[in-house]
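Right, one structure below, let's go through it.
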Amino acid sequence: MRLDLHIHSTASDGSWSPEAVVRGAAKGGLDVIALTDHDTTAGFRLAAAVGRELDVQVVAGIEVSSTFEGRDVHVLGFFIDADAPAMVAYGERAVRRREERMREMVARLASSGIEVTYEAVEAAAGPDRVVIGRPHLATALVEAGYAESISDAFNALIGDDSEAFVPTRLLDPGGAVELIIEASGIPIWAHPPGDLVDKLLPGLLEAGLRGLEVYRPRHRQSQVLRFEAICRSSDLLMSGGSDWHGPERGAALGDFHVTADEVEGLLEAGGL
Ligand code: AMP
Ligand code: ZN
Ligand code: FE
Ligand code: FE
């Protein structure tokens, strides 16, 4: 069995619709995927329906944004109840806050002479987007000629360390874990930043964190070993996924997968 438990769609900053994602997953030989859009579950229903047709199991997921000392910390929620009142309220707040934050980033860029409009960012995000995010801004910057590529835009203009960066400030990391639990989900720390693990893990465990995202295409072997060891010693679940956003980042769905063995505990905890 091949699984990919971290995928984005046009509901957030991915470039394929939920339907296209599931079709791409089937084509790439994946049996189980989780749609984990930033701060929204809007793509799940459609993805699940297409999944039933194509025999791809779609897990209800989300990647909740949080901020710690001005840095992004992302928490994945698996098997969540998208209709839980706390999740619905959070989703509405996230839409508004992300729009406000994007306007702030556009204003900061303008003050250093980089003229990209909020409308251009919205156009880059397309009609299906529920939440707006930095990759949309990166696309608008490329289209306006301020960067050669998305990654160039991040490196030169809108990365976490840039002048223009405004954190989402939606929740703190413990709050993200608690939100997922309130929505009956399983909270897993996404791509844990190496330098924050020791600092944040005790508090996150106290909040109810259940595991770490161990397997990713960009994790080095030393990181995988470190995260596996932490999971074993703290009795944590292991997850894995590609964090796929679209083919333009160089990989197809299915190029990366985890096996049922690698994420066995998580599947069991979710009743799969
Ligand atoms: P946001 O939640 O709006 O701050 O956007 C976060 C998203 O930006 C991540 O999920 C990635 O898709 C993208 N991202 C962050 N850093 C980079 C980077 N250095 N290069 C390319 N994409 C990035
Ligand atoms: Zn993203
Ligand atoms: Fe992330
Ligand atoms: Fe992601």
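The values are calculated or read from the model by the stated rules, or taken from the named source; none is laboratory data. What you see is a predicted model; the values in this text were computed from it and never measured. Here the Cβ is made from the backbone with ideal geometry for all residues, glycine too, and neighbour counts use every protein chain on show. Accessible surface areas use protein heavy atoms only, side chains included; no ligands, DNA or RNA. Shrake-Rupley method; radii C 1.70, N 1.55, O 1.52, S 1.80 Å.
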Open item on the list: Restricting to segment 244-259, name every residue that is modelled with pLDDT of 95 or more and open to solvent by 30 Å² or more (accessible area, probe 1.4 Å).
Closed with: Pro247, Ala251, Ala252, Asp255, Phe256, His257, Thr259
Task: Selected residue (criterion: farthest from Ala176 (Cα to Cα)) from residues of segment 207-251 that are among the acidic types (Asp, Glu) and more than 16 Å from ligand 2 (Cβ to nearest atom) - done: Glu228
TODO: Residue by residue through segment 43-66, note down the ones that are within 15 Å of ligand 2 (Cβ to nearest atom) and either open to solvent by 10 Å² or more (accessible area, probe 1.4 Å) or aliphatic (A, V, I, L, M) (or both).
DONE: Ile62, Val64
- [ ] Taking the residues in segment 70-82 that are open to solvent by 10 Å² or more (accessible area, probe 1.4 Å) and at pLDDT 95 or above as candidates, determine which candidate is farthest from ligand 1 (Cβ to nearest atom).
- [x] Asp81
- [ ] Could you grab me the full set of residues in segment 115-136 that are crowded, with 16+ Cβ neighbours inside 10 Å and either within 16 Å of ligand 3 (Cβ to nearest atom) or of a type in the set (S, T, N, Q) (or both)?
- [x] Val131, Ile132, Gly133, Arg134, Pro135, His136
Task: Boolean, Val21 is assigned to a strand (DSSP E or B) and within 16 Å of ligand 4 (Cβ to nearest atom) - done: no
Open item on the list: Looking at segment 75-104, I want the residues that are on the phi > 0 side of the Ramachandran plot and have a partner that is open to solvent by less than 40 Å² (accessible area, probe 1.4 Å) with Cβ atoms under 7 Å, at least 6 apart or on another chain. Which pairs are those?
Closed with: Phe79/Val59; Phe79/Ala60; Phe79/Gly185; Phe79/Ile186; Phe79/Gly270
- [ ] Only residues that are open to solvent by 50 Å² or more (accessible area, probe 1.4 Å), within 8 Å of ligand 1 (Cβ to nearest atom) and among the hydrophobic types (A, V, I, L, M, F, W, C): list them for segment 137-161, please.
- [x] Ile150, Phe154
Task: Filter result (within 15 Å of ligand 4 (Cβ to nearest atom) and aliphatic (A, V, I, L, M)) within segment 230-257 - done: Ala251, Leu253
- [ ] Identify all residues within segment 19-38 that are open to solvent by 10 Å² or more (accessible area, probe 1.4 Å) and within 16 Å of ligand 2 (Cβ to nearest atom); write none if there are none.
- [x] His38
- [ ] Any residue in segment 192-214 that's farther than 21 Å from Leu267 by Cβ: show its pairings with residues that are among the small types (Gly, Ala, Ser) and open to solvent by less than 60 Å² (accessible area, probe 1.4 Å) at Cβ separation under 6 Å, as long as the two are six or more apart or on different chains.
- [x] Gly203/Gly174; Ala207/Gly174
Task: Evaluation of Leu225 against (1) within 29 Å of Ala20 (Cα to Cα); (2) among the aliphatic types (A, V, I, L, M); (3) open to solvent by 90 Å² or more (accessible area, probe 1.4 Å) (one fails), failing number - done: (1)
TODO: Taking Gly61 as the residue in question, decide whether it is within 15 Å of ligand 1 (Cβ to nearest atom), under 27 Å from Glu268 (Cβ atoms), touching a Ser or Thr at 6+ places or on another chain (Cβ under 6 Å) and in contact (Cβ under 8 Å) with a residue 40 or more places away in the chain.
DONE: yes
